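First the structure, in the form of structure tokens, and then the observations on it.
The values are calculated or read from the model by the stated rules, or taken from the named source; none is laboratory data. A quick note: this is a predicted structure, and the numbers were derived from the prediction, not measured. We place every Cβ from the backbone using ideal geometry, glycine too, and count neighbours over all the protein chains shown.
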């Protein structure tokens with residue numbers, strides 16, 4: 001692995017780990033960052049083993065803190081979204097996927113900044129959960145960026161912070177596991193790719209432990225503000241590159 005690619009991939013894997021530690025928005029930066037030095041689908045494929053192995057640590061950390069009601073709705077819907085992504089992936093180009101990734105990022109940021117927060121916590125809703133869960137599975141399949149639809153659905157419920165983090169971690173552990181066969185079918189993993197992913201695991205595991213630590217202690221508003229600013233800038237760059245291409 002070239003040094004420049006190793007730096008970008010290591011940073012992306014660290015972002016993956018942070019997301020599995022309880023900071024789901026951070027994981028959205030991984031594929032956009034790695035897309036600067038390789039095609040988006042190749043970046044997503046390289047990072048999937050990192051996501052799956054990080055999930056093992058994340059699930060253990062949050063094994064007792066999650067919303068069972070939400071998972072019952074979101075897990076089947078998320079797997080449906082993965083299936084839809086599998087069916088449609090062969091018909092879209094790298095430029096279209098880059099643009100979609102950028103639009104998801106920009107849309108998430110604008111929704112977060114402009115949306116009016118409900119005064120009272122909203123209950124889990126089956127139909128809304130199916131829709132946003134399927135969207136999470138679909139966007140997770142194409143770019144590992146399933147967090148925005150998940151957050152659009154779950155944030156109005158105002159779950160306790162650790163329950164929110166645990167629900168996200170367990171949901172995407174299942175979604176990521178369901179992507180293994182489709183990814184292998186679309187672009188079979190070579191020994192070289194798996195070896196590259198193995199090099200990235202220490203970055204991801206370090207990020208997972210740090211993410212769990214930060215989730216419990218950091219000022220949420222300040223941290224996510226900077227994450228969203230970075231995501232917004234990267235997303236605009238991906239959209240621009242896709243349009244110019």
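Of the numbered conditions (1) touching a helix residue (DSSP H, G or I) at 6+ places or on another chain (Cβ under 7 Å); (2) more than 19 Å from residue 66 (Cα to Cα); (3) in a helix (DSSP H, G or I), residue 145 fails exactly one; give the number of that condition.
Among (1) touching a helix residue (DSSP H, G or I) at 6+ places or on another chain (Cβ under 7 Å); (2) more than 19 Å from residue 66 (Cα to Cα); (3) in a helix (DSSP H, G or I), the lone unmet condition for residue 145 is (3).
Please verify whether the range 127-136 includes one or more residues that are crowded, with 18+ Cβ neighbours inside 10 Å, modelled with pLDDT of 85 or more, under 28 Å from residue 213 (Cβ atoms) and in contact with a helix residue (DSSP H, G or I) (Cβ under 9 Å, 6 or more places away or on another chain).
yes
Return only the number of the condition from (1) on the phi < 0 side of the Ramachandran plot; (2) surrounded by 18 or more Cβ atoms within 10 Å (Cβ to Cβ) that residue 144 does not satisfy.
The one condition residue 144 does not meet is (1).
Of all residues in the range 183-196, how many are surrounded by 14 or more Cβ atoms within 10 Å (Cβ to Cβ) and over 24 Å from residue 79 (Cα atoms)?
2
Take the residues of the range 65-76 that are touching a residue at least 12 places away in the same chain (Cβ under 8 Å) and over 16 Å from the mean Cα position of the chain (by Cα): which is nearest to residue 143 (Cα to Cα)?
Checked the range 65-76; the qualifying residue nearest to residue 143 (Cα to Cα) is 76.
Identify all residues within the range 92-126 that are modelled with pLDDT of 80 or more and not in a helix (DSSP H, G or I); write none if there are none.
122, 123, 124, 125
So which of 174, 163 ends up being part of a helix (DSSP H, G or I), surrounded by fewer than 21 Cβ atoms within 10 Å (Cβ to Cβ) and under 14 Å from the mean Cα position of the chain (by Cα)?
Selected residue: 174, the only one of 174, 163 that is part of a helix (DSSP H, G or I), surrounded by fewer than 21 Cβ atoms within 10 Å (Cβ to Cβ) and under 14 Å from the mean Cα position of the chain (by Cα).
Taking the range 85-116, which residues are over 17 Å from the mean Cα position of the chain (by Cα), closer than 22 Å to residue 181 by Cα and without any contact (Cβ under 8 Å) to a residue 60 or more places away in the chain?
87, 88, 91, 92, 93, 94
With the structure loaded, tell me whether residue 179 is over 30 Å from residue 76 (Cα atoms) and either surrounded by 14 or more Cβ atoms within 10 Å (Cβ to Cβ) or within 18 Å of the chain's Cα centre (by Cα) (or both) or whether it fails that test.
So residue 179 does not fit the description; no.
Give me a count of the residues in the range 11-20 that are over 14 Å from residue 108 (Cβ atoms) and either under 9 Å from the mean Cα position of the chain (by Cα) or modelled with pLDDT under 85 (or both).
2
Examine the range 21-31 for a residue that is touching a helix residue (DSSP H, G or I) at 6+ places or on another chain (Cβ under 9 Å), assigned to a loop (DSSP other than H, G, I, E, B), under 14 Å from residue 173 (Cβ atoms) and at pLDDT below 80, and state whether such a residue exists.
Looking through the range 21-31, at least one residue is touching a helix residue (DSSP H, G or I) at 6+ places or on another chain (Cβ under 9 Å), assigned to a loop (DSSP other than H, G, I, E, B), under 14 Å from residue 173 (Cβ atoms) and at pLDDT below 80.
Quick one: count up the residues across the range 193-236 that are over 17 Å from the mean Cα position of the chain (by Cα), closer than 19 Å to residue 9 by Cβ and either modelled with pLDDT under 80 or not in a helix (DSSP H, G or I) (or both).
Matching residues across the range 193-236 total 1.
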